[in-house]
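S.K.: Let me begin by handing over the structure; questions about it come next.
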Amino acid sequence: MDFYQRALELREETVANRRYLHQNAEVGLDLPKTREFVGGKLQEYGLQPQTCGEGITASLGTNGKVLMLRADMDALPLTEESGEPFACTTGAAHACGHDMHASMLLTAARMLKEHENELQGTVKFMFQPAEETFQGSKNMIQSGILRNPDVDAALAFHVAPGKIPVGLCMYNDKGTMMYSVDGFRIDVAGKGSHGAYPQNSIDPINIAVHIYLALEAIIAREVDPAKAAVMTVGSLHAGSAANIIPDAATLEGTIRTNDKATREHVVSRMKEAASGVAATYGGTARVTMTSEVPPLVCDHALTNEMLDYMRELDIPGFTPVPGICASASEDFALIAQEVPTTFMYLSAGYLDERGAYPAHSPKVQFNEDVLSIGPACLAQCATEWLKNNGRKSND
């Protein structure tokens, strides 16, 4: 079966699906319109979708091993400025391309259903919410996405905008593909007073500033320079009047690393520093972790096997690009902790002015030419992987 040619035939429908999802962008775990649309399309294509946590799943094929294909579906809470005629106007925007991912997986599901009797195993589909908030994979894992049938391996694609041509496939088969993410909130408790009488206070702003400086020192003086680690405090809030020392202050931030041991050290020391600095100045600090996702490390053998299958397709300009490592994060890493997994970027950029903006920019645009490449690669990888790996040892 030439899945690329079939994906070209289905391009108009894939584009229409993408544009519906784009115009009706939703944020977080609760995606009612998105879930309804995806579930309805799966039914239309002959599958039997089911809810799994706040996401959608479906399976096809019979017996044998199980390959899971995943797409995220959530958008970002920002106002779109792309200028596209199908731009979302609700204050949410698919500025990371998850609408592309979901529409590509829908088309892959349709093509695989058309050839279900040829599958030598089972394909499971994972349509996930809340990737941007790092909640969706955890939500679906806890709801059983890796069970019934049990998943043996998993594959996901992410589109990449920018000034790059369509046809690139970016991967990492030797190390970390995406950094870990540990989001944190530090609530500092002090004692308020009139600004003219600071001696009567335990100033939480002073404590928060010293905590900030202590966190900077952890990165500068405790992390091996050969390892990558980023700690960013992006929010610091305290008080509401210039002449009042408040009772409390709050810092919120994120830690990103490419190494398990470095991650454990930095997170542990962040907690110790917050508590210790607060105690030094007479206050207290409570640390809450808002996300905990490990680095995404792809399985070497699975990655190269999937690339070989993709090379069999006659995709113009298809070019594998190795050694990609991004300091952004991806909660598909939680799936990779459980089963052999690979994750790749498919270029969706433009070489003209439309490629001027990166993902997460309100002005970003994605090249819809990738909407034929993605489904073809997903269907090809599923079919060929099951052909070569599909039988269980006791079959």
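The values are calculated or read from the model by the stated rules, or taken from the named source; none is laboratory data. Remember, it's a predicted structure, so these values are computed and weren't measured experimentally. Ideal geometry is used to build each Cβ from the backbone, glycine not excepted, and the neighbour counts take in all protein chains shown. Note: accessible area is taken over every heavy atom of the protein model, side chains too, but ligands, DNA and RNA are not part of it. Shrake-Rupley method; radii C 1.70, N 1.55, O 1.52, S 1.80 Å.
S.K.: Give the residue that is surrounded by the most Cβ atoms within 10 Å (Cβ to Cβ), with candidates limited to residues of the stretch 85-139 that are under 23 Å from the mean Cα position of the chain (by Cα) and charged (D, E, K, R).
M.R.: Looking at residues that are under 23 Å from the mean Cα position of the chain (by Cα) and charged (D, E, K, R), I get Asp99.
S.K.: Restrict the check to the stretch 10-19 and report whether at least one residue is open to solvent by less than 10 Å² (accessible area, probe 1.4 Å), assigned to a helix (DSSP H, G or I) and hydroxyl-bearing (Ser, Thr, Tyr).
M.R.: Scanning the stretch 10-19 turns up at least one residue that is open to solvent by less than 10 Å² (accessible area, probe 1.4 Å), assigned to a helix (DSSP H, G or I) and hydroxyl-bearing (Ser, Thr, Tyr).
S.K.: Here's a follow-up. Going residue by residue through the stretch 261-277, is there one that turns out to be out of contact with any helix residue (DSSP H, G or I) (no Cβ under 7 Å at 6 or more places or on another chain) and part of a strand (DSSP E or B)?
M.R.: Checking the stretch 261-277: not a single residue is out of contact with any helix residue (DSSP H, G or I) (no Cβ under 7 Å at 6 or more places or on another chain) and part of a strand (DSSP E or B).
S.K.: List pairs: first residue in the stretch 378-395 and of a type in the set (Lys, Arg), second residue at pLDDT below 95 and open to solvent by 20 Å² or more (accessible area, probe 1.4 Å) anywhere in the structure, Cβ distance under 8 angstrom, at least six positions apart or on different chains.
M.R.: Lys392/Asn63
S.K.: Under 8 Å by Cβ, and 6 or more places apart or on different chains, what pairs join a residue from the stretch 290-318 that is among the acidic types (Asp, Glu) with one that is assigned to a loop (DSSP other than H, G, I, E, B) and loosely packed, with under 14 Cβ neighbours inside 10 Å?
M.R.: As it stands, the answer is Asp314/Asp2, since those pairs meet every condition given.
S.K.: Take the residues of the stretch 355-379 that are in contact with a Gly (Cβ under 9 Å, 6 or more places away or on another chain) and within 22 Å of Asn17 (Cβ to Cβ): which is most open to solvent (accessible area, probe 1.4 Å)?
M.R.: Ranking the qualifying residues of the stretch 355-379, first place goes to Asp369.
S.K.: Just wondering, is there one or more residues in the stretch 212-224 that are modelled with pLDDT under 95, under 30 Å from the mean Cα position of the chain (by Cα), surrounded by 16 or more Cβ atoms within 10 Å (Cβ to Cβ) and within 26 Å of Ala326 (Cβ to Cβ)?
M.R.: no
S.K.: On to the next question. Take Glu384 and decide whether it is assigned to a loop (DSSP other than H, G, I, E, B), among the acidic types (Asp, Glu) and open to solvent by less than 60 Å² (accessible area, probe 1.4 Å).
M.R.: Spelling it out, it is not the case that Glu384 is assigned to a loop (DSSP other than H, G, I, E, B), among the acidic types (Asp, Glu) and open to solvent by less than 60 Å² (accessible area, probe 1.4 Å).
S.K.: Would you check if Ala326 is touching a strand residue (DSSP E or B) at 6+ places or on another chain (Cβ under 8 Å), at negative phi and not acidic (Asp, Glu)?
M.R.: Taking the combined requirement at face value, the residue satisfies it.
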